[in-house]
1. Of the residues A:333, A:355, which is modelled with pLDDT of 95 or more and more than 16 Å from ligand 1 (Cβ to nearest atom)?
2. Please give the number of the condition residue A:63 fails out of (1) without any contact (Cβ under 8 Å) to a residue 40 or more places away in the chain; (2) in the same structural domain as residue A:200 (by TED's automatic domain parsing).
3. Show me the helices (runs of 4 or more DSSP H) entirely contained within the stretch A:303-385 in which 2 or more residues are closer than 23 Å to residue A:98 by Cβ and either of a type outside the set (Asp, Glu) or more than 16 Å from ligand 2 (Cβ to nearest atom) (or both).
4. Filtering the stretch A:92-102 down to residues that are hydrophobic (A, V, I, L, M, F, W, C) and touching a strand residue (DSSP E or B) at 6+ places or on another chain (Cβ under 8 Å), which residue is nearest to ligand 1 (Cβ to nearest atom)?
5. Just to check your reading of the model, which residue among A:256, A:182, A:205, A:261 is surrounded by fewer than 21 Cβ atoms within 10 Å (Cβ to Cβ) and hydrophobic (A, V, I, L, M, F, W, C)?
6. Is it the case that residue A:334 is farther than 29 Å from residue A:235 by Cα and surrounded by 19 or more Cβ atoms within 10 Å (Cβ to Cβ)?
7. When you go through A:201, A:149, A:211 one by one, which is the residue that is under 20 Å from residue A:34 (Cβ atoms), away from chain B (no Cβ under 14 Å) and within 16 Å of ligand 1 (Cβ to nearest atom)?
Amino acid sequence: MDYFLNENQQIIRDLARRIADERVMPVRAELDEKGEFPWDIMRTIAQSDMMAINIPTEYGGLGMGGFEFILAVEELSRACLGVSTTFAANALGTYPILLYGSEKQKKKYLPDIASGKRLVAFALTEATAGSDAAGVQTTAKLEGNEYVLNGTKQWITNGGEAEIYTVIAMTDKNRGARGASAFVVEKDTPGFSFGKKEDKLGIRASSTRELVFENCRIPKENLIARQGMGFIVAMKTLDKSRTGVGAQGVGVAQGAFDASALYAKERHQFGTPVISFQAVQHMLANMATEIEAARSLVYSVSRYVDGGAKDVSKESAMAKLFATDVAMKVTVDAVQVMGGSGYMKEYPVEKMMRDAKILQIYEGTNQIQRNVIGQSLIKETAKKK
Amino acid sequence: MKIVVCIKQVPDTAEIKINPETNTLMREGVPSIINPFDLHALEAAVRLKEQRTVRVTVLTMGPPQAEGALREAISLGADDAVLLSDRAFAGSDTWATSYTLAKAISTIGADIVLCGKQAIDGDTAQVGPETAEFLDIPHISYVRKIESVEDTMIKVQRLMDEGYDVVQSSLPVLLTVVKELNIPRMPSIRGILQSKKCEIRTLGKDDINADENDLGLKGSPTQVKNIFAPESTAEKKMIEGTAEEKVESLLGELKKIKCL
Ligand SMILES: Cc1cc2nc3c(=O)[nH]c(=O)nc-3n(C[C@H](O)[C@H](O)[C@H](O)COP(=O)(O)OP(=O)(O)OC[C@H]3O[C@@H](n4cnc5c(N)ncnc54)[C@H](O)[C@@H]3O)c2cc1C
Ligand SMILES: Cc1cc2nc3c(=O)[nH]c(=O)nc-3n(C[C@H](O)[C@H](O)[C@H](O)COP(=O)(O)OP(=O)(O)OC[C@H]3O[C@@H](n4cnc5c(N)ncnc54)[C@H](O)[C@@H]3O)c2cc1C
């Protein structure tokens, strides 16, 4: 379907597609097998200005919107979710600075982020704080002109590879959710090290790692926004980034659909291509319909967010929820359409099925997305009576 | 420092068919690309920009539609582009092509001229070295690595059948490059935006101080009588059997045709 993309949007989509086809597809199986961080691809992505898309021009970016950014995410996801997770997590980690950073912080970090010179990671999750972000135990204590960080973050995408980390830590445990604050921590700060590197079911090219803070001292000016605003920063960041996860879902689903439809046309059984069986056609018809519905929702919400809507929690949760559930279903069905071949490593869909699962879990599980939508509905109905 | 990169627009040979009757390329409807070797030359120039102040100009001689190749080169990091286009250039052989390019390069000015090793359609590999001769500057062919560039000196590795030579030259110099030199980059979003709006300078015969008798068909000493793929006439025979049997029958065959 034609979404009437403007010229800039077409340029970005076409270039991201070319990078996906020429630089990602040929190596994705190997990156998956080895669990290797895709540095070469990240450099290509950076050199092509993909990391500058939604950074304002005054900080070395292209000054475009979140919609332009997710078009790139979608295309990269069509080829490999491990790569697109690395790319999208970079943007996730950037949002706290973009949305709440001081002029000085923006000047200091955004140009290097836009050029891809330094990668970024976002660190909220801990052993005790998954869906329940209020379980954060990492502390940041103000001592003179420095904050002293102690604690361990887990499952942080780009951990170890990124050079800039946006970290949520408790500045006042007694104040609960109001006691959290957001900070920038740079790699190589004394007291900041990396722990366990996870071995995963999918998105194996992406790095998922522990961050360990032991009396890690950072300058006071690394506080993002004000003390106590940590969870607001985190929630607004996730509101912004969720359409990106939705776009990942659309991309991986499209990749799986393309591979399985092509196979169904070429594979013969009972003297005819398997695509001629109505049972197979119906599976493909459902897949194609659901992908288009997901894409329409993700694009609409992304444009809505860029349009300056104030509260986008419900809509962005809907886009993430729907598109990633579609991704899971479509990738499973793509394996089914391809039969035994779909289950084999010679074909890309088994990887896509493994990869797709993460989309229903990270940046808020799909149960949590439903909670977010539900809470908005309660608020809306309360207003109506 | 000024670098001129000579690029040629060629048909995408992956897509091309050959007319079986005339043995000529069927160019109609075939997409055009930048000659692949020239992309390596351009990449080398753009990488030099990262080390020192360099202005990279891409130059092509061709019909007006060769502008597409120049715009693509801009998206890959070239600073500006010159199209050499004039009816008077039509029918140029390698001699006339090189003469015309040299005249244009003199007009533009260059410390380093970069060319591909050869064009994948014409395949002569003559234009680079001939252009250097017309410019009366040294050339180094088959460059696989640029070791260092200084204000008046360049040091490169030249690919040889076995190993490589390290060659040093004064500037200005012309290099022809091989694929081993680098991996060409992808375009950038900024580059693409720039390529859509940038102006392409067109130079014709009156702009380059050339002698009209040396241009185009008039200036081309080569005369094409016929183009054909040499027919394979030799008979083939596969020899089967164990190693001893094969040697035995090979010796027999060679004696039969009086090679032994
Ligand atoms: C590969 C990977 C990369 C990640 N990258 C990052 C990162 O870069 N930065 C970062 O901060 N975090 C990251 N995470 C963490 C991720 O966001 C969390 O895993 C996610 O939020 C869920 O938390 P949990 O795993 O602790 O699940 P839990 O919270 O323990 O949930 C377990 C189950 O209970 C359900 N559940 C929990 N609470 C509720 C409720 N209230 N209502 C209904 N159901 C509920 C969940 O939906 C889930 O099914 C990453 C995780 C993974 C696996
Ligand atoms: C009698 C005759 C008539 C011809 N008439 C025509 C004609 O009418 N139309 C036509 O299109 N061709 C014509 N040709 C072909 C044309 O001469 C060659 O294509 C051209 O000289 C380049 O030679 P090549 O392809 O072998 O390039 P090579 O020598 O193999 O190329 C080496 C490098 O030189 C540079 N280079 C080559 N050509 C150009 C260029 N045009 N602009 C910028 N850089 C370049 C590139 O860097 C390239 O990598 C004719 C040839 C002959 C012999």
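1. On the way: A:355 fails: more than 16 Å from ligand 1 (Cβ to nearest atom).
Only one candidate passes the filter, namely A:333.
2. Every condition holds for residue A:63 apart from (2).
3. Numbers: elements: A:313-343, A:349-356, A:366-384.
By residue number, A:313-343, A:366-384.
4. Applying the first criterion (hydrophobic (A, V, I, L, M, F, W, C)) to the stretch A:92-102 yields A:92, A:97-99.
After this cut, where a residue has to be touching a strand residue (DSSP E or B) at 6+ places or on another chain (Cβ under 8 Å) as well, the list is A:92, A:97.
Details: A:92: 7, A:97: 15 Å.
Going through the qualifying residues, I end up with A:92.
5. Working: A:256 fails: surrounded by fewer than 21 Cβ atoms within 10 Å (Cβ to Cβ); A:182 fails: surrounded by fewer than 21 Cβ atoms within 10 Å (Cβ to Cβ); A:205 fails: surrounded by fewer than 21 Cβ atoms within 10 Å (Cβ to Cβ).
So the residue among A:256, A:182, A:205, A:261 that is surrounded by fewer than 21 Cβ atoms within 10 Å (Cβ to Cβ) and hydrophobic (A, V, I, L, M, F, W, C) is A:261.
6. On the way: farther than 29 Å from residue A:235 by Cα: yes; surrounded by 19 or more Cβ atoms within 10 Å (Cβ to Cβ): yes.
Here the answer is yes, as residue A:334 does meet what is asked.
7. Values: A:149 fails: under 20 Å from residue A:34 (Cβ atoms); A:211 fails: under 20 Å from residue A:34 (Cβ atoms).
A:201 is the lone residue from the list that is under 20 Å from residue A:34 (Cβ atoms), away from chain B (no Cβ under 14 Å) and within 16 Å of ligand 1 (Cβ to nearest atom).
Per-residue answers, yes or no, for (1) closer than 30 Å to residue A:68 by Cβ; (2) acidic (Asp, Glu); (3) away from chain A (no Cβ under 14 Å); (4) under 22 Å from the mean Cα position of the chain (by Cα):
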{"position": "B:156", "(1), (2), (3), (4)": "no, no, yes, yes"}
{"position": "B:187", "(1), (2), (3), (4)": "yes, no, no, yes"}
{"position": "B:194", "(1), (2), (3), (4)": "yes, no, no, no"}
{"position": "B:214", "(1), (2), (3), (4)": "no, yes, yes, yes"}
{"position": "B:223", "(1), (2), (3), (4)": "no, no, yes, yes"}
{"position": "B:235", "(1), (2), (3), (4)": "no, yes, yes, no"}
{"position": "B:243", "(1), (2), (3), (4)": "no, no, yes, no"}
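The values are calculated or read from the model by the stated rules, or taken from the named source; none is laboratory data. Small disclaimer: the values here were computed from a predicted structure and weren't measured. Every residue, glycine as well, gets a Cβ built from its backbone with ideal geometry; the counts of neighbours run over all protein chains shown.
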